[in-house]
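These notes are about the structure you will find just below.
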Amino acid sequence: MPNTKSAERRARNSARKQSTNHSRKTSLKTLGKKFLELVQSGKKDEAASQLKTLSSALDKAAKTGVIHRRNADRKKSRLATALNRAAVTAK
């Protein structure tokens with residue numbers, strides 16, 4: 001239990017930020033799953049547009065501190081590699 005008014009306020013802010021960050025992380029995971037489904041089903045054009053959306057969302061999450069910048073960069077790199085690998089094997 002917080003002992004001061006400022007501690008009460010910080011507890012409220014922390015709870016609100018935790019909720020926001022959780023929902024943003026969940027949406028990132030959902031976008032990633034949709035992208036991987038498109039890649040596995042062989043829909044290269046749709047997957048490419050989904051990758052653009054996902055990259056933007058990862059950058060925004062990194063900018064606001066939801067995830068680390070290098071974590072976002074690493075995920076974008078691996079997703080682009082997965083798309084390129086799927087395009088090569090499809091030929």
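Every number here is computed from the coordinates shown, using simple stated rules; none is lab data. Only a predicted model underlies this, so the values are computations on that prediction, with no experimental measurement involved.
Can you list the HN-Hα couplings for the stretch 79-87, worked out from phi with the Karplus curve (6.51, -1.76, 1.60; θ = phi - 60°), rounded to whole Hz and with x for Gly and Pro?
In residue order, the calculated couplings are 5, 5, 5, 5, 5, 5, 5, 5, 5 Hz.
With a ≥ b ≥ c the root eigenvalues of the C-alpha gyration tensor of the chain, is it rounded (a/c under 1.5), prolate (a/b larger than b/c) or oblate? Provide the component values of the computation, followed by the final result.
Values: a/c = 4.55, a/b = 3.25, b/c = 1.40.
Prolate shape, in that a/c is at least 1.5 and a/b is the bigger ratio.
Output ³J(HN,Hα) for the stretch 15-23: one whole-Hz value per residue in order, computed from phi by the Karplus curve 6.51 cos²θ - 1.76 cosθ + 1.60 with θ = phi - 60°, and x for Gly and Pro.
Computed from phi, the couplings for the stretch 15-23 are 5, 5, 5, 4, 5, 5, 4, 5, 5 Hz.
Report the number of Lys pairs in the stretch 1-65 whose alpha-carbons are under 13 Å apart, with separation of 8 or more residues or on distinct chains. The partial results should precede the final answer.
Details: K17/K25; K25/K33; K25/K60; K34/K43; K34/K44; K34/K52; K44/K52; K52/K60.
Lysine pairs satisfying the spacing and distance rule in the stretch 1-65 number 8.
Between the helical axis of 44-63 and the dominant principal axis of the chain, each derived from Cα atoms, what acute angle in degrees is found, rounded to the nearest 10?
20
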